[in-house]
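See structure below.
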Amino acid sequence: MAERFERAEAVIVGAGFAGLYMAHRLHQAGLTVRGFEAGGDVGGTWYWNRYPGARCDVESMEYSYQFDDALQQEWEWSERYAGQPEILRYANHVADRFDLKRHFAFNTRVTAATFDEDANLWRIETDAGTRVAAHFCIMATGCLSSTNTPHFKGLESFRGDVHHTGKWPHEGVDFSDQRVGIIGTGSSAIQAIPIIAAQARHLTVFQRTPNYSIPARNGPLSPAVQSSVKAEYDAFRARNSKMPGALGADMPMRPGGALEDDAEARQRQYESGWQRGGFSFLIGYNDLLVSRESNETAAQFVRERIAEVVENPHTAALLSPSNVIGCKRPCLDTGYYETFNRPNVTLVDVREAPIEEITPEGVVAGGETHAVDCLVLATGFDAMTGTLNRIDIRGRGGEALKDKWSAGPVTYLGLAVAGFPNLFMISGPGSPSVLTNMLVSIQQHVDWIAACIAHLRGHGLAAIEATEQAQEEWVAHVNAIAGETLYPTCNSWYLGANVPGKPRVFMPYVGYPLYVERCDAVAAQGYEGFALSN
Ligand code: N01
């Protein structure tokens, strides 16, 4: 059987920002690399998420690679927050500049990865029939890459088009003169709704849980701002890397908790964050995600803004969340709440009266049929574990990763899993990933993995594997830190709560700087918590 497998030293799954940079590092280090990507080209999340209004909500000057100074100096962003087409152009620019596409087979989905203990090799199989055996297997599969389509009775009978925001048609969708229904009010919907509403004849928004959204205040990025950052790019990056989310160090912050200010000072602080736009609103005080009382002051501020903007008091009340702000991923918008003042937009609350079924004509909720010509599912992703669990990954003794994770993901540092030697994950569960500027976390993981592989090769070592004990301690540590915050208090995709039947486990690690310290210390101590063998 072994002869039928082509050979490479490393296989990389995914050609998003993680896979591209991993390919660059390993190729530079002299390894032969084979990459596979399910999409038709590079870009990962930015390849698939082409819905109207798709835009990054990390500011452009921060949402980029920092491994090459010439690259970060030469690339010019046009807006404060880059839109999807511009980010995809950037991914292509990087891929071309470093000649990375040659490492990948596109339109090729990895279906299985099996550890062959006798040969100490990963045997990777794809839906194109390719088989490659490699010493290292690196999963650069992204945190939000498997879409979540809830089971709606009758969906297949709907006579119009159905589009998921996370798998949007490349040619775009023309909503002119259409009655459109959109299900979901997360980040994707909050970006898409104002744009679809401006084009469609009518837009019906089906909302189960209202979300807090903060104005992005997007606009052209001035050359002056761009050149001032570029003049000290390394220092700018270094400051951001000391922040819990690896972003926003230059945003205006008060030194303490929200209740240390009196009501007037607090109002001023929130107002300045609101006017500045973006995540600065939520990092203005240091205790908004640990103290319920502090959090409520910020939540109340947003609810008041919603009440000011939305003219119909009933609609305003429906749009006002009651849970902790920031517990679910915060959203940034351009004209979201204002959109509900348009005469062609209807908000339907599907919490009290859930969607019963979808018929050829539209969506039935609360006994009423909402007739639509076209449906948009903005229903999110099977986050963090979904894509890994869809690949048949088998470690020692044929153990399936999916079974190992049946009660929720277990990892060491979000990088490795006991029983799965020489398999690495980039921004896996148990790492800061989705709570940070992803580009920063991705780069930190790729650098760590590249250094680890260099260490193994330099010392003639054949395998590295997390120990069960280190893994257990890490999982307990990730949970303990999350337990000190307000994150577990609501039903978010961070907890897997958006996918029926998914184990409820808080998946990301809270706090980028501490995490990096820990990863560096593990490496410095000869890969403490890992077993190395030759
Ligand atoms: O998905 P979501 P998303 N019946 O899971 C609703 C990143 N992102 O694609 O809250 C009715 O947030 C669900 O309702 P509920 C970002 O990290 C980034 O919007 O579960 N409704 C919710 O409203 C983000 O957090 C950017 O009650 C149902 C919605 O669908 C992540 O991707 C832009 C339902 C899903 O919201 C995911 O965002 C976009 C049902 N059966 C996304 N099932 C930027 O950087 C689900 N829903 C800007």
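Do you know which residues across the stretch 296-318 are closer than 27 Å to R80 by Cα and touching a residue at least 24 places away in the same chain (Cβ under 8 Å)?
A298, A299, F301, V302, R305, I306, V309, V310
Are there helices (runs of 4 or more DSSP H) fully within the stretch 1-86 with at least 3 residues that are touching a residue at least 24 places away in the same chain (Cβ under 8 Å) and open to solvent by less than 20 Å² (accessible area, probe 1.4 Å)? List them.
Numbers: elements: 17-28, 45-48, 69-74.
Result: 17-28.
What about A317, is it open to solvent by 20 Å² or more (accessible area, probe 1.4 Å) and more than 14 Å from the ligand (Cβ to nearest atom)?
Working: open to solvent by 20 Å² or more (accessible area, probe 1.4 Å): yes; more than 14 Å from the ligand (Cβ to nearest atom): yes.
Against the criterion (open to solvent by 20 Å² or more (accessible area, probe 1.4 Å) and more than 14 Å from the ligand (Cβ to nearest atom)), A317 qualifies.
If you scan the stretch 87-134, which residues turn out to be assigned to a helix (DSSP H, G or I), more than 16 Å from the ligand (Cβ to nearest atom) and open to solvent by less than 30 Å² (accessible area, probe 1.4 Å)? Even if it seems obvious, please write down each step before you answer.
The initial filter retains those residues of the stretch 87-134 that are assigned to a helix (DSSP H, G or I), namely 87-97, 101-103.
So of that shortlist, the ones also more than 16 Å from the ligand (Cβ to nearest atom) come out as 89, 92-97, 101-103.
Within the stretch 87-134, V94, A95, H103 qualify.
Considering only the stretch 341-355, state which residues are touching a residue at least 40 places away in the same chain (Cβ under 8 Å) and away from the ligand (no atom under 15 Å from the Cβ). Walk me through how you get there before you give the answer.
First pass over the stretch 341-355, keeping only residues touching a residue at least 40 places away in the same chain (Cβ under 8 Å): 342, 344-351, 354-355.
If the condition is that a residue be touching a residue at least 40 places away in the same chain (Cβ under 8 Å) and away from the ligand (no atom under 15 Å from the Cβ), then R342, N344, V345, T346 are the ones that fit.
Would you confirm, using the coordinates I've provided, whether S187 is at pLDDT 95 or above, within 11 Å of the ligand (Cβ to nearest atom) and at negative phi?
On the way: at pLDDT 95 or above: yes; within 11 Å of the ligand (Cβ to nearest atom): yes; at negative phi: yes.
Against the criterion (at pLDDT 95 or above, within 11 Å of the ligand (Cβ to nearest atom) and at negative phi), S187 qualifies.
Has the stretch 141-160 got at least one residue that is more than 23 Å from A18 (Cα to Cα) and within 20 Å of the chain's Cα centre (by Cα)? Steps first, answer last, please.
Within the stretch 141-160, the subset more than 23 Å from A18 (Cα to Cα) is 149-160.
Filter once more, keeping what is within 20 Å of the chain's Cα centre (by Cα): 149-150.
Yes, the stretch 141-160 contains at least one residue that is more than 23 Å from A18 (Cα to Cα) and within 20 Å of the chain's Cα centre (by Cα).
If you go through the stretch 201-247, how many residues are free of Cβ contacts under 8 Å to residues at least 60 places away in the same chain and either in a loop (DSSP other than H, G, I, E, B) or of a type in the set (G, A, S) (or both)?
Of the residues in that region, 8 qualify.
For the list (1) in contact with a helix residue (DSSP H, G or I) (Cβ under 6 Å, 6 or more places away or on another chain); (2) assigned to a helix (DSSP H, G or I), I need the number of the one condition that V510 fails.
(2)
Checking the structure you have, find out if any residue of the stretch 170-177 is out of contact with any Pro (no Cβ under 9 Å at 6 or more places or on another chain), polar (S, T, N, Q) and either modelled with pLDDT under 95 or open to solvent by less than 50 Å² (accessible area, probe 1.4 Å) (or both).
Of all residues in the stretch 170-177, those out of contact with any Pro (no Cβ under 9 Å at 6 or more places or on another chain) come to 170-171, 174, 176-177.
Okay, now just the ones that are also polar (S, T, N, Q), so 176.
Then drop every residue that is not either modelled with pLDDT under 95 or open to solvent by less than 50 Å² (accessible area, probe 1.4 Å) (or both), which leaves none.
No - not one qualifying residue is present in the stretch 170-177.
Counting only residues that are out of contact with any Ser or Thr (no Cβ under 8 Å at 6 or more places or on another chain), assigned to a loop (DSSP other than H, G, I, E, B) and within 14 Å of the ligand (Cβ to nearest atom), how many does the stretch 469-501 have?
6
Going residue by residue through the stretch 264-281, is there one that turns out to be open to solvent by 50 Å² or more (accessible area, probe 1.4 Å) and either hydrophobic (A, V, I, L, M, F, W, C) or within 21 Å of the chain's Cα centre (by Cα) (or both)?
There is no residue in the stretch 264-281 that is open to solvent by 50 Å² or more (accessible area, probe 1.4 Å) and either hydrophobic (A, V, I, L, M, F, W, C) or within 21 Å of the chain's Cα centre (by Cα) (or both).
Only one of V376, V302, V309, V348 is modelled with pLDDT of 95 or more and in contact with an Asp or Glu (Cβ under 8 Å, 6 or more places away or on another chain); which? Before the answer, list the steps.
Details: V376 fails: in contact with an Asp or Glu (Cβ under 8 Å, 6 or more places away or on another chain); V302 fails: in contact with an Asp or Glu (Cβ under 8 Å, 6 or more places away or on another chain); V348 fails: in contact with an Asp or Glu (Cβ under 8 Å, 6 or more places away or on another chain).
That would be V309, the only listed residue that is modelled with pLDDT of 95 or more and in contact with an Asp or Glu (Cβ under 8 Å, 6 or more places away or on another chain).
Hey, can you tell me all the residues within the stretch 346-403 that are part of a strand (DSSP E or B) and of a type in the set (D, E, K, R)?
Restricting attention to the stretch 346-403, the residues satisfying the condition of being part of a strand (DSSP E or B) are 346-349, 355-358, 362-365, 368-371, 374-377, 381, 392-394, 400.
Passing the criteria: D349, E356, E357, E368, D392, R394.
Give the stretch 351-401 a look and list any residue that's open to solvent by 30 Å² or more (accessible area, probe 1.4 Å) and in contact with a Leu (Cβ under 8 Å, 6 or more places away or on another chain), or say none.
Listed by number, the residues that qualify are N389, R394.
Condition first: of a type in the set (D, E, K, R) and either in a loop (DSSP other than H, G, I, E, B) or under 24 Å from W405 (Cα atoms) (or both). Now tell me which residues in the stretch 425-468 satisfy that. Spell out how you get there, then give the answer.
Of the residues in the stretch 425-468, the ones of a type in the set (D, E, K, R) are 447, 457, 465, 468.
The answer is E465, E468.
Going residue by residue through the stretch 222-231, is there one that turns out to be open to solvent by less than 20 Å² (accessible area, probe 1.4 Å), more than 16 Å from the ligand (Cβ to nearest atom) and out of contact with any His (no Cβ under 6 Å at 6 or more places or on another chain)? Steps first, please.
Here is the first cut: in the stretch 222-231, the residues open to solvent by less than 20 Å² (accessible area, probe 1.4 Å) are 226, 229.
Checking the rest, the ones that are also more than 16 Å from the ligand (Cβ to nearest atom) come to 226, 229.
So of that shortlist, the ones also out of contact with any His (no Cβ under 6 Å at 6 or more places or on another chain) come out as 226, 229.
Yes: one or more hits.
It is to be established whether one or more residues within the stretch 392-412 are away from the ligand (no atom under 16 Å from the Cβ) and within 16 Å of A523 (Cβ to Cβ).
At the first step, the residues of the stretch 392-412 found to be away from the ligand (no atom under 16 Å from the Cβ) are 392-412.
When the remaining residues are screened for being within 16 Å of A523 (Cβ to Cβ), the result is 412.
Yes: the stretch 392-412 contains one or more residues that are away from the ligand (no atom under 16 Å from the Cβ) and within 16 Å of A523 (Cβ to Cβ).
Filtering the stretch 513-534 down to residues that are part of a loop (DSSP other than H, G, I, E, B) and polar (S, T, N, Q), which residue is farthest from M243 (Cα to Cα)?
At the first step, the residues of the stretch 513-534 found to be part of a loop (DSSP other than H, G, I, E, B) are 525-529, 534.
With the extra rule that they be polar (S, T, N, Q), the set shrinks to 525, 534.
On the way: Q525: 25, N534: 39 Å.
Per the stated criteria, the residue is N534.
How many of the residues in the stretch 135-166 are assigned to a loop (DSSP other than H, G, I, E, B), within 16 Å of the ligand (Cβ to nearest atom) and open to solvent by 50 Å² or more (accessible area, probe 1.4 Å)? Break it down stepwise before answering.
Just the residues of the stretch 135-166 that are assigned to a loop (DSSP other than H, G, I, E, B), to begin with: 140-146, 148-154, 158-160.
Checking the rest, the ones that are also within 16 Å of the ligand (Cβ to nearest atom) come to 141-146, 148-154, 158.
Now narrow it down to the ones that are open to solvent by 50 Å² or more (accessible area, probe 1.4 Å): 144-145, 149, 151, 153.
Qualifying residue count, the stretch 135-166: 5.
The values are calculated or read from the model by the stated rules, or taken from the named source; none is laboratory data. No experiment lies behind these values; they were computed from the predicted model shown. Cβ: placed from backbone, ideal geometry, glycine included. Neighbour counts: every protein chain shown. For the accessible areas, the whole protein counts, side chains as well, though only heavy atoms, and no ligand, DNA or RNA atoms are used. Shrake-Rupley method; radii C 1.70, N 1.55, O 1.52, S 1.80 Å.
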